[in-house]
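Structure first, then comments.
The values are calculated or read from the model by the stated rules, or taken from the named source; none is laboratory data. Keep in mind that this is a model prediction, so the values were computed, not measured. Neighbour counts run over all protein chains shown; Cβ positions are idealised from the backbone, glycine included. Accessible surface areas use protein heavy atoms only, side chains included; no ligands, DNA or RNA. Shrake-Rupley method; radii C 1.70, N 1.55, O 1.52, S 1.80 Å.
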Amino acid sequence: MTKSRVRALFLGAAAGMALLSGCTTIETTSTTGTFPGNYTTVAYKAKDPSAIRVKVSLENRMVYVMEGSRPLLVTPVTIGTNGKGTPLGSYRVTNKELNKRSGSYGFWVKGNEIVAGESGRAPGGGYHYVGYPMPYWVQFKPEYGFHAGAVWPTAHSHGCIRIHPNVAPKFFALVHEGTPVTIQTSLPEDAAIGKSVARPNDYAWKDKSAALLTSGPSSHAFSAPQEPLLVTQ
């Protein structure tokens, strides 16, 4: 199985299963390259962090981090596919993990040899498994959470909610354990503030090297944003 194949498997199928083991947007300017591109969006500091609420629209595939009626962060996301959908309902953030990795899809490593594959299916003796990076994990329900990953224009996960790697650190900084999370089919914010938000176009770009993806903390697989995570409005 090739490295590109495991990314297709992971991004298209496994994001939600890993636990089983006014805002301005800047569109990516180039059309090809190594994932992720330079897509980003502004995130604002909360005046009262206890008033933060996360709202998810499945129809618009958008996350709204709100402080009352004030949007702190508005960003496109990837949601679960039919039959493996992102669950509707009201939840709270139960766990945050900076350096989570997939428990289902990733790589088998033996010395300098790296083979893409699934956990539990070693290609031979002497290999150890390293999961695909899922940094900035924010869990809202057992086996479901937000994390950094490619944001496709269609439903493309097993139920988790993927945020662009350049934006996920900002989301991670805004929310805390206990933050309410509401997931609905559609939201009033879709027409009010989410209608014209630009979406990433780097979702199908090639992965970084397997050596980089398997070495060190999972958050090191993606470069940290150069701009401040949160700004004062």
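Data for the structure
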{"item": "Members of segment 60-111 found to be in contact with a Pro (Cβ under 8 Å, 6 or more places away or on another chain) and of a type in the set (D, E, K, R), listed by number", "result": "Arg61, Arg92, Lys100, Arg101"}
{"item": "Ser4 being assigned to a strand (DSSP E or B), under 24 Å from Phe222 (Cα atoms) and at pLDDT below 95", "result": "no"}
{"item": "Subset of segment 153-170 that is modelled with pLDDT under 95 and touching a Pro at 6+ places or on another chain (Cβ under 9 Å) - its residue that is nearest to Val93 (Cα to Cα)", "result": "Gly159"}
{"item": "Segment 94-115, residues that are touching a Phe, Trp or Tyr at 6+ places or on another chain (Cβ under 6 Å) and either of a type in the set (D, E, K, R) or at pLDDT 95 or above (or both)", "result": "Glu97, Lys100, Trp108, Lys110, Ile114, Val115"}
{"item": "Residues being open to solvent by 20 Å² or more (accessible area, probe 1.4 Å) and under 19 Å from the mean Cα position of the chain (by Cα) - total across segment 173-184", "result": "6"}
{"item": "Selection count, segment 122-133, where residues are exposed (fewer than 15 other Cβ atoms within 10 Å of the Cβ) and in a loop (DSSP other than H, G, I, E, B)", "result": "4"}
{"item": "Inter-residue pairs, beta-carbon under 9 Å, first closer than 30 Å to Thr81 by Cα and in segment 44-59, second aliphatic (A, V, I, L, M) and at pLDDT below 95, 6+ apart", "result": "Leu58/Ala155"}
{"item": "Residue among Asn82, Asn99 that is part of a loop (DSSP other than H, G, I, E, B), more than 29 Å from Ala211 (Cβ to Cβ) and either open to solvent by 40 Å² or more (accessible area, probe 1.4 Å) or aliphatic (A, V, I, L, M) (or both)", "result": "Asn82"}
{"item": "Sole residue being open to solvent by 20 Å² or more (accessible area, probe 1.4 Å) and farther than 21 Å from Phe107 by Cβ, chosen from Lys195, Lys170, Lys208", "result": "Lys195"}
{"item": "Candidate set from segment 19-77 (those that are outside any loop (DSSP other than H, G, I, E, B) and surrounded by fewer than 16 Cβ atoms within 10 Å (Cβ to Cβ)); member that is modelled with the lowest pLDDT", "result": "Leu20"}
